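Asker: One structure follows; several queries about it will come next.
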């Protein structure tokens, strides 16, 4: 029986928020080390990573999540148009992806990278593009994709396909996925109060739609919906019987603990 998991490396976890296009290399390395250990236990791992400071800052400035805006110009910006900004964000995401891929390869893993702008179009959890590309019979082969700017088949021309939409479709359509794990930065899971006020007692161990929460949403840079989108897509996946969990990615051993059915700290989204 194939065992497969999908792991989302949050952009706020693997990049430095306040510095344009700077990766948290040590955190990425620690995450990849856990992925490697799981592949040695014959667990198939699919990774989707966020953009963080590699994509969100420029995308926010140029309003790329709104699609094509006629005659939008930003005085003093190196980009002269949204079209140039789209190209630059895509290149920035390829750079971040190459860092993740290199760390995985340093553990001897085979990596297949799938930049969404080359195979996906349109937005939301029903975006166009086959996810069959994430199938493999070799647990030592890790498939990786990421949130990206993709073409849109209407007047918007382009838009941002969130990593949270990617993990939803992959989890639901690729066979034998047993868990979807969101590895976040700075928090252990969903909290009842804002993170700045939270104590260990404020962690929500199990979440369902009737439970109120406060999440860490970097509204100053985020252009994809933040924690609310994660919960929405996670709940969609959980309804299919797949385990959906949110953990602090700064403790990547919690990913392995979930897979090994050991105790761990975080939040489970109930169906």
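Asker: Starting from segment 120-138, keep only residues that are surrounded by fewer than 17 Cβ atoms within 10 Å (Cβ to Cβ), then list their pairs with residues that are part of a helix (DSSP H, G or I) whose Cβ atoms are within a distance under 8 Å, requiring at least 6 positions of separation or different chains.
Answerer: 124/165; 126/169
Asker: Taking segment 139-166 on its own, how many of its residues are out of contact with any strand residue (DSSP E or B) (no Cβ under 8 Å at 6 or more places or on another chain) and surrounded by 14 or more Cβ atoms within 10 Å (Cβ to Cβ)?
Answerer: 3
Asker: Would you confirm whether any residue within segment 39-51 is assigned to a helix (DSSP H, G or I), touching a helix residue (DSSP H, G or I) at 6+ places or on another chain (Cβ under 6 Å) and either touching a residue at least 60 places away in the same chain (Cβ under 8 Å) or farther than 30 Å from residue 259 by Cα (or both)?
Answerer: For segment 39-51, residues assigned to a helix (DSSP H, G or I), touching a helix residue (DSSP H, G or I) at 6+ places or on another chain (Cβ under 6 Å) and either touching a residue at least 60 places away in the same chain (Cβ under 8 Å) or farther than 30 Å from residue 259 by Cα (or both): absent.
Asker: Looking at 183, 168, can you tell me which residue is outside any loop (DSSP other than H, G, I, E, B) and within 16 Å of residue 242 (Cα to Cα)?
Answerer: Exactly one of 183, 168 is outside any loop (DSSP other than H, G, I, E, B) and within 16 Å of residue 242 (Cα to Cα), namely 168.
Asker: Now for a separate question. Looking at the structure I just gave you, is residue 212 surrounded by fewer than 21 Cβ atoms within 10 Å (Cβ to Cβ), assigned to a loop (DSSP other than H, G, I, E, B) and in contact (Cβ under 8 Å) with a residue 40 or more places away in the chain?
Answerer: For residue 212, the condition - surrounded by fewer than 21 Cβ atoms within 10 Å (Cβ to Cβ), assigned to a loop (DSSP other than H, G, I, E, B) and in contact (Cβ under 8 Å) with a residue 40 or more places away in the chain - is not met.
Asker: May I pose another question? What single numbered condition from (1) in a loop (DSSP other than H, G, I, E, B); (2) farther than 25 Å from residue 109 by Cα; (3) at pLDDT 90 or above fails to hold for residue 222?
Answerer: That leaves (3) as the condition not met.
Asker: Just give me the residues in segment 61-79 being closer than 22 Å to residue 154 by Cα and surrounded by 16 or more Cβ atoms within 10 Å (Cβ to Cβ), in sequence order.
Answerer: 62, 64, 65, 67, 68
Asker: Can you name every residue in segment 225-244 that is buried (at least 22 other Cβ atoms within 10 Å of the Cβ) and modelled with pLDDT of 95 or more?
Answerer: 233, 234, 237, 244
Asker: Could you please find all residues in segment 101-157 being under 29 Å from residue 34 (Cα atoms), modelled with pLDDT of 95 or more, under 17 Å from the mean Cα position of the chain (by Cα) and in a loop (DSSP other than H, G, I, E, B)?
Answerer: Answer for segment 101-157, where residues must be under 29 Å from residue 34 (Cα atoms), modelled with pLDDT of 95 or more, under 17 Å from the mean Cα position of the chain (by Cα) and in a loop (DSSP other than H, G, I, E, B): 114, 115, 120, 131, 147.
Asker: Does segment 21-34 contain any residue that is in a strand (DSSP E or B) and either at pLDDT 95 or above or surrounded by fewer than 18 Cβ atoms within 10 Å (Cβ to Cβ) (or both)?
Answerer: Yes, segment 21-34 contains at least one residue that is in a strand (DSSP E or B) and either at pLDDT 95 or above or surrounded by fewer than 18 Cβ atoms within 10 Å (Cβ to Cβ) (or both).
The values are calculated or read from the model by the stated rules, or taken from the named source; none is laboratory data. Owing to the predicted nature of the structure, the values given are computational and were not obtained by experimental measurement. When we count neighbours, we look across all protein chains shown, and the Cβ atoms used for this are built from the backbone with ideal geometry, even at glycine.
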